[in-house]
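The structure under discussion appears below in the form of structure tokens.
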Amino acid sequence: MKKLALTVVVFCLANTAFAQKKLIERIFSNEKDTTRKASFMPIPVFGYAQETGFEFGLGSIYSFYVDKTDTLNRSSNFFGAASYSTKKTYNVTLRGDAWTKRNDNHFIGELRFRNMPFNFYGIGNNTSHIDEDKLVQRMVKIQFDAEKAFAKNTYTGVSLGFENHKFTDKETGGIYSNGGILDKDGGSVFFVGVSQSYDTRNSNNYPTKGFFGRISYQYAPPIFDGENFTGSQIKVNVRNFWSLAPKIVLGVQGLYYTIQSSNTSFYLLPQMGNDEMMRGYYGGRYRDENLLAAQAEIRYRFMERLGMIVFGGAGKVFANEEKQLLKNFKPNYGIGGRYFFDPAKGLSVRLDYGVGEKRPNEKRQSGFYISFAEAF
């Protein structure tokens with residue numbers, strides 16, 4: 001009986017060791033699936049940003065090709081997650097990015113609910129940390145874009161969007177209460193817009209060559225009563241990628257975002273700093289009517305599953321009456337690591353550490369980020 005029990009224990013340990021070995025081999029395998037089959041991955045949501053703190057939750061990613069026989073067909077990705085953070089942020093996100101056969105049509109959709117505390121520092125490119133004012137924001141956002149290819153690599157699209165914001169000031173008497181902030185209690189906005197893009201990238205997840213450029217215009221009509229935004233916004237996003245060596249890629253991106261209105265709500269002003277552009281700056285530390293930023297990133301994918309990057313850039317926010325557009329840019333730079341959980345489609349988890357400017361009598365600004373997919 002003892003021998004039988006010992007045999008069972010040894011067998012269980014051997015199976016456990018074998019399973020662990022297979023898992024390790026899969027995680028660090030240098031091979032990728034070339035069958036273009038769909039992948040579904042339920043995942044624990046774990047992330048970090050200085051705005052939210054550590055974030056925990058559950059989510060899933062479903063990725064597939066509409067036409068598996070067409071090697072040029074881009075992958076369609078759907079993501080859903082619900083999470084809670086150490087700074088008491090509630091976040092529910094549903095996001096889809098779908099491509100039809102021959103990449104003739106492209107659809108992007110997002111539904112998001114967020115309840116989060118955040119710090120407000122005022123408006124402009126030179127706000128001070130000493131003016132930090134603590135708020136709580138509740139946001140509902142719905143966005144849908146549809147694009148169609150009318151010529152090779154050229155897409156014309158339309159978009160609809162809705163946002164609702166509510167704010168609570170946790171520290172009365174600060175810059176938020178006394179700074180003449182427009183629509184400080186929140187409001188609603190509905191956008192309708194058009195877009196034009198040109199896309200020659202060889203992948204929408206991890207491009208190694210090609211160009212992407214997109215300009216979009218959205219208008220918010222006066223359909224809501226009370227203190228609500230009416231006006232327009234324009235976004236210009238350009239990217240280019242070069243393969244410098246079999247495992248090394250150089251990517252560059254430029255971004256311009258402007259909002260035009262006689263009554264721009266403070267929460268719609270372009271903000272500098274997030275996990276994609278100007279990493280290292282607290283999101284919303286600087287906000288104004290215009291945002292202009294650029295960055296470059298060198299990506300070294302030394303294994304199919306693993307990679308690392310270095311990046312650097314500069315950016316600023318400014319008012320419409322600003323004359324010196326090429327002055328007062330703020331720098332950022334940093335490093336990061338990548339784990340590709342779906343190497344064939346280029347889907348990854350990324351860890352980035354970004355560093356920004358050091359203002360007089362303040363600590364140097366910096367941020368650590370854990371998130372999905374490349375920054376651009």
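Values quoted throughout were computed directly from the atomic coordinates according to the rules given, and no laboratory measurement underlies them. On a predicted model such as this, the values are computed, not experimentally measured, just so you know.
Tell me, Kirkwood radius of the stretch 106-252 from alpha-carbon pair distances, in Å?
Evaluated over the stretch 106-252, this radius sits at 18.4 Å.
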Nearest 10 degrees is fine. How inclined is helix 2-27 to the longest principal axis of the chain, computing both from alpha carbons? 50
Filtered hits (aspartates and glutamates, Cα-Cα < 18 Å from Lys327, offset >= 8 within chain) -> Asp288, Glu289, Glu357
Nonlocal amide H pairs with Glu171, under 5 Å, H built at 1.01 Å: Lys134
Rule-of-thumb check for the stretch 215-360: C-alpha Rg over 2.2 N^0.38 Å? 1.23
Can you grab the distance from the C-alpha centre of the stretch 169-217 to the C-alpha centre of the stretch 345-367, Å, no decimals? 20
Residue-averaged [θ]222 nm for the chain, counting only DSSP H segments that reach four residues, each worth -39500 (n - 2.57): -2500 deg cm²/dmol
Setting aside same-chain residues fewer than 8 positions from Lys37, which lysines have a Cα under 22 Å from its Cα? Lys22, Lys68, Lys101, Lys345
Once the in-chain neighbours fewer than 8 apart are removed, the aspartates and glutamates whose Cα is under 17 Å from Lys358 read Asp131, Glu132
